[in-house]
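Just below is one structure, and these are the notes that go with it.
The values are calculated or read from the model by the stated rules, or taken from the named source; none is laboratory data. Just so it is clear, the structure is predicted and the values come from calculations on it, not from any experiment. A quick note on method: Cβ atoms are made from the backbone with ideal geometry, for glycine too, and the neighbour counts reach across all protein chains shown.
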Amino acid sequence: MSVVPTNTNPLEQIKLNLDACVGKKIRLKANKGRKKVVEAEGILENTYPNIFVIRLDKSSAVKRLSYTYADVLTQTVELTVDDHRIGAVSCGTAEGM
């Protein structure tokens, strides 16, 4: 996994970082509002121009979750792959990937 050049926009950086992680195990922590936080593990199934899809490991009513890259940028969703946080931006540089 490589660090994306910082001259691209932050949403593109997040998408490119996730593109490199398709098929890998990913941990997710999502703030659903009103003190509701979802924590799950799954496989990054696919990335699309505006969203990405995570297939959950546990068998439950919800098999897949989808989020936008803006959710990662605004830290509504926190993603971790191999103990590296995706989308953590500090002073215009990508920390995690």
Fill in the blank from the handout: When residue 66 is run through (1) farther than 18 Å from residue 84 by Cβ; (2) in contact (Cβ under 8 Å) with a residue 24 or more places away in the chain, the failure sits at (2)
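Yes or no, residue by residue, for (1) modelled with pLDDT of 90 or more; (2) surrounded by fewer than 13 Cβ atoms within 10 Å (Cβ to Cβ); (3) under 11 Å from the mean Cα position of the chain (by Cα):
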residue: 4; (1), (2), (3): no, no, no
residue: 18; (1), (2), (3): yes, no, yes
residue: 31; (1), (2), (3): yes, no, no
residue: 44; (1), (2), (3): yes, no, yes
residue: 56; (1), (2), (3): yes, no, no
residue: 60; (1), (2), (3): no, yes, no
residue: 71; (1), (2), (3): yes, no, yes
residue: 90; (1), (2), (3): no, yes, no
Completion exercise
Note on segment 13-54: residues part of a helix (DSSP H, G or I) and either of a type in the set (D, E, K, R) or under 12 Å from residue 68 (Cα atoms) (or both) are 14, 15, 18, 19
Completion exercise
Within segment 74-88, the residues that are modelled with pLDDT under 90 and within 21 Å of residue 32 (Cβ to Cβ) are 86, 87, 88
